[in-house]
Amino acid sequence: MSPAVRSAAAVVALLVVVALGVAGVVLGEADDSPGLQGLGVLLVIGAVVVGVRAARRAGSGAAAAGRDQRSR
C-alpha cells in the first residue's frame, strides 16, 4: 500500500472515530447520564492524540530526510 493511501485511510479512520465520539456526546446528553458523554469525550481526545502523534512522526521523518539531502 502506498504512503498516500495509508495516510488517507488513517485520516478517514480518525474522522470516523471523532464522529462516533461526537455522536456519543450528543446522544448521551439526551439520556442525561454522564457515562455515554464521557466515553464520547474520551473517543474524541484519543483520536486527536493519535492523529497528532501520527502527524508528528510523519513530519519528523520528512524533516530528517530533508536534512540528509541538504547536507550532501
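The values are calculated or read from the model by the stated rules, or taken from the named source; none is laboratory data. Owing to the predicted nature of the structure, the values given are computational and were not obtained by experimental measurement.
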Test for Val17: is it under 25 Å from Pro3 (Cα atoms), under 14 Å from the mean Cα position of the chain (by Cα), at pLDDT 90 or above and not small (Gly, Ala, Ser): yes
Which listed residue is at pLDDT 90 or above and either part of a helix (DSSP H, G or I) or within 9 Å of the chain's Cα centre (by Cα) (or both), from Val48, Val5: Val48
